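The values are calculated or read from the model by the stated rules, or taken from the named source; none is laboratory data. Worth saying up front: this structure is predicted, and the values here are computed from it rather than measured. Reconstructed Cβ throughout: ideal geometry from the backbone, glycine too, with neighbour counts over all protein chains shown. To get the accessible areas, we keep the full protein, side chains included, count just its heavy atoms, and leave off ligands, DNA and RNA. Shrake-Rupley method; radii C 1.70, N 1.55, O 1.52, S 1.80 Å.
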Amino acid sequence: MFIDTHCHLDGQEFDADRDDVVQRARAAGCDRIFLPAIDLSSCKTVLDTCQHYPDYCYPMLGLHPEEVHADWSQQLESIWHIVSLQLPTSGLLAIGEVGLDYYWSREFEHEQLEAFEEQVRWAVELQLPLMIHCRKAQNEMVAIIKRYAHDLPGGVFHCFTGNVQEAQQLLEFDRFVLGIGGVLTFKKSHLPETLADVVPLDRIVLETDAPYMAPVPLRGQRNEPAFIRHVITRLAEAYGVTEEEICRQTNANVARVFNVNG
Ligand SMILES: [Zn+2]
C-alpha cells in the first residue's frame, strides 16, 4: 500500500471517469489520495471530491503561486474563510499548494512573495503542514521558510527535481520531506542518483501531481495514482531496497509529516 500525497483528482481531466480512476488506484494499492487546491474555485472542487470519496481523499487548501494575480488578496481572504470553516469538521490535511513560481512569469513576483508568506503564517497559526510548490525560486522560498522554520510543523517540497545542493538546502528543514513523482523515471533525470546520494529514505513521500507528470513508460499520458507503481519500482532500484520497503517507509513519512495514521 502507498499514498499519493499530491493529486489534482478534482480537475476536469477526470470528470469523465473519476470513479474508474479511484477504482484503479485502490486496485493498484493506493491507500489514500491527498488533493491540493490551487485557487478559490478549486477549494470547492477539492472539498466536493473529498466528500465524494470519504476516508480515501483528503483536502489541502491554498492559493497556488501561478494563480496569484491582481486579485490575490481577495482570493486569500475567501480561501481563509473556507479554511476556517473546515477546521471544526477537520479533515483538512495541509495548507497547499502554495509557494513561488517564476518559471512562466515574474509579473506578480512581489504578490507571490506576500501571498506565500501569508499562507506560511496560516500553517504556523493552525499548526498544519505546508504543501509547497516552487519553481525557479528556491532561494526566495527558502528565505521565507527560514523565518518561520522554528514554528512550522513541517511539510512537503512537492515535485522535487533539483540537484544535490538543492536537496541538501531543503533537507536542512528537518520536519520537511521531498515529494517524488514521475520525473524520477524520465530518461535524462539525475534524480535517482541525487536521492541515493544525499536524501535518506525517511525524507521522501510519493506523489503523482496527476494529471501531470506521468512516469515512464506512460509519459505523456494523463497521470493517475495507479501509475505510482512505476515510481516505486524506480525508487527501489535507486535505493537498493524492496518495493515493500519504499512503501512502508514513505507511508511512515506521510504519517509523521501530515500527523495522520500510517
Ligand atoms: Zn500540483
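Does region 60-75 hold any residues that are surrounded by 15 or more Cβ atoms within 10 Å (Cβ to Cβ) and touching an Asp or Glu at 6+ places or on another chain (Cβ under 9 Å), and which are they? Outline the logic, then answer.
Taking region 60-75 as the starting set, the residues that turn out to be surrounded by 15 or more Cβ atoms within 10 Å (Cβ to Cβ) are 60-68, 72, 75.
The answer is Met60, Gly62, Leu63, His64, Pro65, Glu66, Glu67, Val68, Trp72, Gln75.
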- Task: Go through region 202-225 and give me each residue that's more than 16 Å from the ligand (Cβ to nearest atom), open to solvent by 30 Å² or more (accessible area, probe 1.4 Å) and among the aliphatic types (A, V, I, L, M).
- Result: Val216, Leu218
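Looking only at region 1-17, count every residue that is within 16 Å of the ligand (Cβ to nearest atom) and part of a loop (DSSP other than H, G, I, E, B) and tell me the total. Break it down into steps so the answer makes sense when it comes.
Narrowing region 1-17 to residues within 16 Å of the ligand (Cβ to nearest atom): 3-14.
Narrowing further to those that are part of a loop (DSSP other than H, G, I, E, B): 5-6, 8-11.
Adding up the residues that qualify gives 6.
Every residue, every condition in (1) outside any loop (DSSP other than H, G, I, E, B); (2) among the hydroxyl-bearing types (Ser, Thr, Tyr); (3) open to solvent by less than 10 Å² (accessible area, probe 1.4 Å); (4) within 15 Å of the ligand (Cβ to nearest atom), yes or no:
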position: Asp19; (1), (2), (3), (4): yes, no, no, no
position: Arg32; (1), (2), (3), (4): yes, no, no, no
position: Ile38; (1), (2), (3), (4): no, no, no, yes
position: Asp48; (1), (2), (3), (4): yes, no, no, no
position: Glu77; (1), (2), (3), (4): yes, no, no, no
position: His81; (1), (2), (3), (4): yes, no, no, no
position: Leu100; (1), (2), (3), (4): yes, no, yes, yes
position: Ser105; (1), (2), (3), (4): no, yes, no, no
- Task: From Leu87, Leu76, Leu100, Leu61, grab the single residue that is without any contact (Cβ under 8 Å) to a residue 40 or more places away in the chain, closer than 21 Å to Met141 by Cα and in contact with a Leu (Cβ under 9 Å, 6 or more places away or on another chain).
- Result: Leu61
- Consider Glu193 against the criteria (1) closer than 21 Å to Ala37 by Cβ; (2) more than 15 Å from the chain's Cα centre (by Cα); (3) not aliphatic (A, V, I, L, M): it satisfies all of them except one. Which criterion is unmet? (1)
- Query: Quick one: how many residues across region 114-161 are open to solvent by 30 Å² or more (accessible area, probe 1.4 Å), of a type in the set (A, V, I, L, M) and under 22 Å from Thr89 (Cβ atoms)?
  - Reply: 2
